[in-house]
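The values are calculated or read from the model by the stated rules, or taken from the named source; none is laboratory data. Treat the numbers as computed from the prediction; the structure is a model and nothing was measured. Virtual Cβ from ideal backbone geometry, glycine too; neighbours counted across all protein chains shown.
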Amino acid sequence: MKSIRRKVDLYILSLGLLFVFFLIIATVLPDSSFVCSDVSSWKHLALSNTLPIASIFALLYCLFAYMRFDFDLKGATDIPFEITKIEDINYEHLTFLATYVVPLISFDFGSGRQMLVLGLLLVVMGIIYIKTDLFYANPSLALLGFHIYRANGSFKNGQREGIVLICRGRLSEKQKVAYIKLDDRIFFVRGGRG
């Protein structure tokens, strides 16, 4: 269950840039008839900014998810393993951004029907990303200094090939790293050089 929560959190965190774009594109500023002391002015402003308000809550959840993820990482207790082969695959951050996030900002934010389609699309994308284990291709993590690697590792119970490592620092062959298992083949590791 914890593994699913982490995957969902990482997927939502990957949409952080999209929520920022929504704020920039869809925010409607108050007009000249806005009165700070008038409740109806605030109500009208809130109703004309439902997507930006939802985006603010989503960004707050992204912050919470990142803090929870970071807290989990500090508690990595599994026995370290040695990296025997490693390949940098950071380009997958850009692939996710260019293929999925950027096209979503072209929706008509004034159309209720298009907003419904956008919401459903985000849910379906999340399900697909979690089921196919692509949740690690996260542009938000890239902005926060994380790197993605495909590697082979020597664990206490044998050799594992083709695993994906997420790390805040740089990794190299023959390096020992502590880890948290996010999935059968995806690990967050500590021990990289910043």
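Quick check on my filter: what residues within the range 44-86 are of a type in the set (Ser, Thr, Tyr) and either assigned to a helix (DSSP H, G or I) or loosely packed, with under 12 Cβ neighbours inside 10 Å (or both)?
Within the range 44-86, 50, 55, 61, 66, 77 qualify.
Given the condition at pLDDT below 80 and loosely packed, with under 14 Cβ neighbours inside 10 Å, answer yes or no: does some residue in the range 138-156 qualify?
no
Among the residues of the range 26-43, which ones are closer than 22 Å to residue 109 by Cβ, assigned to a helix (DSSP H, G or I) and of a type in the set (A, V, I, L, M, F, W, C)?
Scanning the range 26-43 gives 26, 42.
Can you pull out every residue in the range 108-122 that is within 15 Å of residue 50 (Cα to Cα) and among the hydrophobic types (A, V, I, L, M, F, W, C)?
First, the residues of the range 108-122 that are within 15 Å of residue 50 (Cα to Cα): 108-116, 118-119.
Listed by number, the residues that qualify are 109, 115, 116, 118.
Pairs needed: first member in the range 100-121, loosely packed, with under 15 Cβ neighbours inside 10 Å; second member anywhere, modelled with pLDDT of 75 or more and assigned to a loop (DSSP other than H, G, I, E, B); C-beta distance under 7 Å; at least 6 residues apart or different chains.
Once the first residue is loosely packed, with under 15 Cβ neighbours inside 10 Å and sits in the range 100-121, its partners that are modelled with pLDDT of 75 or more and assigned to a loop (DSSP other than H, G, I, E, B) give 114/107; 114/108.
Does any residue in the range 1-21 that is surrounded by fewer than 18 Cβ atoms within 10 Å (Cβ to Cβ) come within less than 9 Å, Cβ to Cβ, of a residue that is aromatic (Phe, Trp, Tyr) six or more places away or on a different chain, and which pairs are these?
8/135
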